[in-house]
Amino acid sequence: MRNAKNLLFSSFIYALTALMVFVLVFVIFFIVREALPLFREVPLSDFLLGQRWMPIGYVGNPAYGIGNFILGTLLVSAVAMLFSVIVGVGTALYLACVASDRQRSLLYPFIDLLAGIPSVVYGFIGLVIIVKFFLKLGHPSGVSVLAAAILLSVMILPFLVSSISDTLRKLYMAHLPSSNALGVEPWHATAHVILPLAGKSILLSSILAISRAMGETMAVMMVMGNANLFPTLLGKGETIASLIALEMGTAEVGSTHYHALFAAGLILMLLLLIINTAINAIQKKVLG
């Protein structure tokens, strides 16, 4: 009887795994199938490096260049990751190595609450607080790549803090008795023992966070300006995800515009794959 239950349970797990793989393959196949027709009309180099996006040729010929959108996606994600990793690691260190059990029990629910807030609510907060703050500082419109990066860093912060603090707490509790027995100061042990050991966890958490950052649409769209311009920190810009969200509803099915948006989504997936592969390679080379 027990063997039959084990066989049934293992078969169920294998079936779910196969279903997950099938769904992933299907999604990739569908996106690739809808993206490939574009490249019969537009050269790959013009699509990736072009800075003119004009799917309907009101003036001149239609153009499908997503160079600025690629740069905007990478810039806002990189700046957001810089802010969130610095703050996230510091917050995780406090929760794991300094805070009492009572403080952790009070703070963790608020961190989980931040992760559950809808992105459109974050967008409203960005418009009311961040954009107005930049306007008070003299920025002409308030919306910018930097404003979007600050908002995005707050959005991905809970994922980093939750995952990193759990690992740091386990390492801290495992090595605290030894460091105390040797007379090592807690902060010295944290800086020279705990943090290096947690390097893999921080990198893995960063992979998840940057995937969330590059795919975020609504909140970024509300505070970044949505302009096809070469992105600068205090200038307007637009991400690939925002481009797809803004224009997919108006693109005629089967048109070049329609296929160009799917091709932009394919490029976003490839960017995530390249970045994740690079981070994993760095992890294996540096941390072993």
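Against the test of being under 18 Å from the mean Cα position of the chain (by Cα), modelled with pLDDT under 95 and either on the phi > 0 side of the Ramachandran plot or not charged (D, E, K, R) (or both), the options Met248, Met269 yield a single qualifying residue, Met269. Ser206: hydroxyl-bearing (Ser, Thr, Tyr), at pLDDT below 85 and under 17 Å from the mean Cα position of the chain (by Cα), yes or no? Yes; evaluated as a whole, the condition is true for this residue. Each residue in region 170-198 was checked for being in a helix (DSSP H, G or I) and surrounded by 14 or more Cβ atoms within 10 Å (Cβ to Cβ), and 13 pass. One residue is enough: does region 148-164 have a residue meeting the conditions modelled with pLDDT of 85 or more and in contact with a strand residue (DSSP E or B) (Cβ under 9 Å, 6 or more places away or on another chain)? Among the residues of region 148-164, at least one is modelled with pLDDT of 85 or more and in contact with a strand residue (DSSP E or B) (Cβ under 9 Å, 6 or more places away or on another chain), which makes the answer yes.
Condition check ((1) in contact with a His (Cβ under 8 Å, 6 or more places away or on another chain); (2) closer than 30 Å to Glu185 by Cβ; (3) buried (at least 16 other Cβ atoms within 10 Å of the Cβ); (4) not assigned by TED's automatic domain parsing to the domain that holds Ala198) across all residues:
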| site | (1), (2), (3), (4) |
| --- | --- |
| Leu93 | no, yes, yes, no |
| Cys97 | no, yes, yes, no |
| Val120 | no, no, no, no |
| Gly126 | no, no, yes, no |
| Ile129 | no, no, no, no |
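Of a type in the set (Gly, Ala, Ser), part of a helix (DSSP H, G or I), closer than 16 Å to Leu75 by Cβ and in the same structural domain as Leu152 (by TED's automatic domain parsing): which single residue out of Ala227, Ala245, Ala241 fits that description?
Working: Ala227 fails: part of a helix (DSSP H, G or I); Ala245 fails: closer than 16 Å to Leu75 by Cβ.
Exactly one residue qualifies, and that residue is Ala241.
Residues in region 234-288 that are without any contact (Cβ under 8 Å) to a residue 12 or more places away in the chain and in contact with a His (Cβ under 9 Å, 6 or more places away or on another chain): Thr250 only.
If only one of Gly237, Gly288 is touching a Pro at 6+ places or on another chain (Cβ under 7 Å), over 24 Å from Phe29 (Cβ atoms) and modelled with pLDDT under 95, which one is it?
Working: Gly288 fails: touching a Pro at 6+ places or on another chain (Cβ under 7 Å).
Going through Gly237, Gly288 in turn, just one is touching a Pro at 6+ places or on another chain (Cβ under 7 Å), over 24 Å from Phe29 (Cβ atoms) and modelled with pLDDT under 95: Gly237.
Residues that are under 25 Å from Gly265 (Cβ atoms), in contact (Cβ under 8 Å) with a residue 12 or more places away in the chain and in contact with a Phe, Trp or Tyr (Cβ under 8 Å, 6 or more places away or on another chain) number at least 3 in the following helices (runs of 4 or more DSSP H) confined to region 1-112: 2-35, 67-93.
Within region 145-191, the set of residues being in contact with a helix residue (DSSP H, G or I) (Cβ under 9 Å, 6 or more places away or on another chain) and either polar (S, T, N, Q) or at positive phi (or both) comprises Ser153, Ser162, Ser163, Ser165, Thr167, Ser178, Ser179, Asn180, Thr190.
In region 55-83, what count of residues is obtained for those that are out of contact with any helix residue (DSSP H, G or I) (no Cβ under 9 Å at 6 or more places or on another chain) and surrounded by 15 or more Cβ atoms within 10 Å (Cβ to Cβ)? Total meeting the criteria: 2. Within region 210-231, the presence of at least one residue that is small (Gly, Ala, Ser), surrounded by fewer than 17 Cβ atoms within 10 Å (Cβ to Cβ) and touching a Lys or Arg at 6+ places or on another chain (Cβ under 7 Å) is confirmed.
The values are calculated or read from the model by the stated rules, or taken from the named source; none is laboratory data. None of these values were measured; they are calculated from a predicted model. Every residue, glycine as well, gets a Cβ built from its backbone with ideal geometry; the counts of neighbours run over all protein chains shown.
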